[in-house]
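For reference, the structure discussed in these notes is given below.
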Amino acid sequence: LWNSSTSTEQILDIKWEEGSGIDSTDAISIAGQIILSNELISQRQLVKITDILGKEVNGNEKDVMLLYIYDDGSIERVFIKN
């Protein structure tokens with residue numbers, strides 16, 4: 001999910017509710033409710049910040065794509081415009 005105010009990409013974790021609000025028509029399941037959660041995002045820890053070439057940086061760089069690498073293996077791409 002793109003956050004245009006901070007120019008960052010965020011993970012969108014979707015949890016499906018079962019048993020209520022679900023309708024099946026012609027073998028197509030339709031979810032009546034979608035619950036969004038930031039639970040997984042808050043549990044991960046930042047391991048390092050690199051540029052796109054893999055060089056470790058401090059994260060204060062401007063006008064360059066940075067990769068935030070987390071302990072769960074996820075990578076967040078961040079571009080901060082000067």
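For the reader, a short list of remarks on this structure follows.
- Here ILE11 fulfils each of the conditions (1) at pLDDT 85 or above; (2) surrounded by 12 or more Cβ atoms within 10 Å (Cβ to Cβ); (3) in a loop (DSSP other than H, G, I, E, B) apart from (1).
- Taking the criterion of being more than 11 Å from GLU9 (Cβ to Cβ), of a type outside the set (Phe, Trp, Tyr) and either outside any loop (DSSP other than H, G, I, E, B) or without any contact (Cβ under 8 Å) to a residue 12 or more places away in the chain (or both), the residues of region 68-82 that qualify are ILE69, GLY73.
- Test: ASP51 is charged (D, E, K, R) and under 22 Å from SER5 (Cα atoms): yes
The values are calculated or read from the model by the stated rules, or taken from the named source; none is laboratory data. A quick note: this is a predicted structure, and the numbers were derived from the prediction, not measured. Note that each Cβ is placed from the backbone with ideal geometry, even for glycine, and that neighbours are counted across all protein chains shown.
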